[in-house]
Amino acid sequence: MKAYFSFYRPVLLAILFVASLSACKKNNSDPAPDLASRVAGTYSYSELVAGGQTYPASQTDLKGTMKVTRQSATTVSIVVDFRIKSTNEVFLQDSADDVTVVDAGSGSIEYRLNGNLIAKGTTSKLSITGEDDNGVELTLSATK
């Protein structure tokens, strides 16, 4: 009886050891970052659309950034600072907290403040639309 037990004991230990290793499989699938984390970052001025015409940043007298900071999984803060290159005067400067980011489908993201759409973009581009002093609609875009 003792020989029977001594033979199966190492076999049983080996089986338990192998089973414990296979049970501790490492899960390589990290959860995807939330939307606010994906859009967070500094966006540099890239183009201006005014009067239906698109002008690359290099053809305008503007410079600036839009900084997006994650506050929660669904909210961010945005700091906008655009200046006139030649004079360094403020062209557009503003900030907002508790901006809700919404996946609008097809890679499009909407930024909403108190339910109102204030900006649109993707995870690498951000655009805000407004009017100048003459009532001409313009869109400032910036990219990461």
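Odds and ends about this structure:
- Residues of the stretch 106-117 satisfying the condition of being touching a residue at least 12 places away in the same chain (Cβ under 8 Å) and either of a type outside the set (A, V, I, L, M, F, W, C) or over 17 Å from L35 (Cβ atoms) (or both): G107, S108, Y111, R112
- Residue match in the stretch 124-132 (condition: closer than 11 Å to V39 by Cα, open to solvent by 40 Å² or more (accessible area, probe 1.4 Å) and within 20 Å of the chain's Cα centre (by Cα)): yes
- Verdict on I84 being β-branched (V, I, T), surrounded by 13 or more Cβ atoms within 10 Å (Cβ to Cβ) and within 20 Å of the chain's Cα centre (by Cα): no
- A104 satisfies every condition listed in (1) within 19 Å of L140 (Cα to Cα); (2) surrounded by fewer than 17 Cβ atoms within 10 Å (Cβ to Cβ); (3) touching a strand residue (DSSP E or B) at 6+ places or on another chain (Cβ under 8 Å); (4) of a type outside the set (V, I, T) except (1).
- Within the stretch 118-144, considering residues that are touching a residue at least 40 places away in the same chain (Cβ under 8 Å) and not in a strand (DSSP E or B), the one farthest from A50 (Cα to Cα): T123
- Condition check for V49: of a type in the set (A, V, I, L, M, F, W, C), crowded, with 16+ Cβ neighbours inside 10 Å and touching a residue at least 40 places away in the same chain (Cβ under 8 Å): no
- Residue within the stretch 17-35 that is modelled with pLDDT of 85 or more and either farther than 30 Å from L140 by Cα or part of a helix (DSSP H, G or I) (or both) present: yes
- In the stretch 89-101, the residues that are surrounded by 15 or more Cβ atoms within 10 Å (Cβ to Cβ) and either aliphatic (A, V, I, L, M) or in contact with a helix residue (DSSP H, G or I) (Cβ under 7 Å, 6 or more places away or on another chain) (or both): L92, A96, V99, V101
- Scanning the stretch 56-81 for residues that are within 20 Å of L138 (Cα to Cα) and either polar (S, T, N, Q) or open to solvent by 80 Å² or more (accessible area, probe 1.4 Å) (or both) returns S58, Q59, T60, K63, T65, K67.
The values are calculated or read from the model by the stated rules, or taken from the named source; none is laboratory data. All values reported here derive from a predicted model rather than from experimental measurement. Glycine gets a Cβ as well: all are built from the backbone with ideal geometry, and neighbour counts include every protein chain shown. Remember, those area values only see protein heavy atoms, side chains included, never the ligands or the DNA or RNA. Shrake-Rupley method; radii C 1.70, N 1.55, O 1.52, S 1.80 Å.
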